[in-house]
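First comes the structure, then the notes that go with it.
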Amino acid sequence: MNSRALKPKGGQDNSMRNVIYAINLTLDGCCDHTKLSPDEDVFAHYTHLWRDVDLLVFGRKTYELMVPYWPDVAKNPSETKEDREFGQNFVSKNKIVFSRSLARAEAENTRIVRTNLRDEILKLKQEQGKNILLGGVDVPSQLMELGLIDEYCFVVMPTIVGEGRRLMDGVNLPQKLQLKLVEAKPFNSGCVALRYMKQ
């Protein structure tokens, strides 16, 4: 057993920041946001996860789903406490968007990167700071193929939708990726948060 996989969320290598991929999906692997209904427990889970993160990384599509939606939720007193906390957490984090088509970023603390994805992530991993969290599908899929994701955090929802985009569709790995389960946390709703580390 690799002892590094049992370390707490500080990471596998103390000299480098961990890259964490976090996403919600259904039992049949659907990750289409229009098919998912996260509850308050799920938002509280992500708020906790983000305590060890100081940089969010997205592609253009995911960024445009998050902004301006979550900044608006963060300042809306009629939203639930969990939703507002998630939104405030989102607003407070530094963000990078990998895009060649996005003209400018609407959210604060946001930088658009148009250069090589691999080189930029390797550079970010070596910078001082907390962990780096990936959202969406396209950018994480590319980083999965490059072997640059250290941790996978999936929230599996107790639904089968039978349609919509499936997680890891089209991912072409050079070799089998073996992960180590380090945490499994069920919620009252039937959702389960699963955390895996790269071995």
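If a residue counts only when it is among the aliphatic types (A, V, I, L, M) and in contact (Cβ under 8 Å) with a residue 60 or more places away in the chain, which strands (runs of 3 or more DSSP E) contained entirely in the range 62-148 have at least 1 such residues?
131-134
Within the range 158-178, can one find any residue that is of a type in the set (A, V, I, L, M), in contact with a strand residue (DSSP E or B) (Cβ under 6 Å, 6 or more places away or on another chain) and in a strand (DSSP E or B)?
So far as the range 158-178 goes, no, none of its residues is of a type in the set (A, V, I, L, M), in contact with a strand residue (DSSP E or B) (Cβ under 6 Å, 6 or more places away or on another chain) and in a strand (DSSP E or B).
If only one of 104, 84, 111 is buried (at least 18 other Cβ atoms within 10 Å of the Cβ) and of a type in the set (Lys, Arg), which one is it? Lay out the reasoning, then the answer.
Numbers: 104 fails: buried (at least 18 other Cβ atoms within 10 Å of the Cβ); 111 fails: buried (at least 18 other Cβ atoms within 10 Å of the Cβ).
When all the criteria are applied, what remains is 84.
Out of the range 23-51, which residues are farther than 17 Å from residue 81 by Cα and touching a Pro at 6+ places or on another chain (Cβ under 9 Å)?
Listed by number, the residues that qualify are 23, 24, 26, 27.
Check 160, 149 and return the single one that is under 14 Å from residue 19 (Cβ atoms) and β-branched (Val, Ile, Thr).
Selected residue: 149, the only one of 160, 149 that is under 14 Å from residue 19 (Cβ atoms) and β-branched (Val, Ile, Thr).
For the range 114-136: of the residues being over 20 Å from residue 62 (Cβ atoms) and polar (S, T, N, Q), which is least open to solvent (accessible area, probe 1.4 Å)?
Per the stated criteria, the residue is 126.
Taking the residues in the range 148-164 that are at pLDDT 95 or above and acidic (Asp, Glu) as candidates, determine which candidate is surrounded by the most Cβ atoms within 10 Å (Cβ to Cβ).
Filtering the range 148-164 for residues that are at pLDDT 95 or above and acidic (Asp, Glu), the one surrounded by the most Cβ atoms within 10 Å (Cβ to Cβ) comes out as 151.
Filter the range 30-43 for residues that are assigned to a helix (DSSP H, G or I) and open to solvent by 50 Å² or more (accessible area, probe 1.4 Å) and give the result.
Selection gives 33, 34, 35, 40, 41.
Which number in (1) more than 15 Å from the chain's Cα centre (by Cα); (2) crowded, with 17+ Cβ neighbours inside 10 Å; (3) more than 26 Å from residue 190 (Cβ to Cβ) marks the one condition that residue 26 misses?
(3)
What is the number of the single condition among (1) modelled with pLDDT of 90 or more; (2) under 23 Å from residue 183 (Cβ atoms); (3) surrounded by fewer than 18 Cβ atoms within 10 Å (Cβ to Cβ) that residue 78 does not meet?
Condition not satisfied by residue 78: (2).
For a quick check of your reading of the model, give me the residue pairs whose first member lies in the range 165-194 and is open to solvent by 80 Å² or more (accessible area, probe 1.4 Å), whose second is of a type in the set (Ser, Thr, Tyr) and part of a strand (DSSP E or B), with beta-carbon atoms closer than 8 Å and at least 6 apart or on different chains.
Listed pairs, sorted by first residue: 181/196.
Filter the range 23-66 down to residues that are out of contact with any strand residue (DSSP E or B) (no Cβ under 8 Å at 6 or more places or on another chain) and under 30 Å from residue 128 (Cα atoms), then give me how many there are.
9
The values are calculated or read from the model by the stated rules, or taken from the named source; none is laboratory data. Small disclaimer: the values here were computed from a predicted structure and weren't measured. A quick note on method: Cβ atoms are made from the backbone with ideal geometry, for glycine too, and the neighbour counts reach across all protein chains shown. Heavy atoms of the whole protein, side chains included, go into the accessibility calculation; ligands, DNA and RNA do not. Shrake-Rupley method; radii C 1.70, N 1.55, O 1.52, S 1.80 Å.
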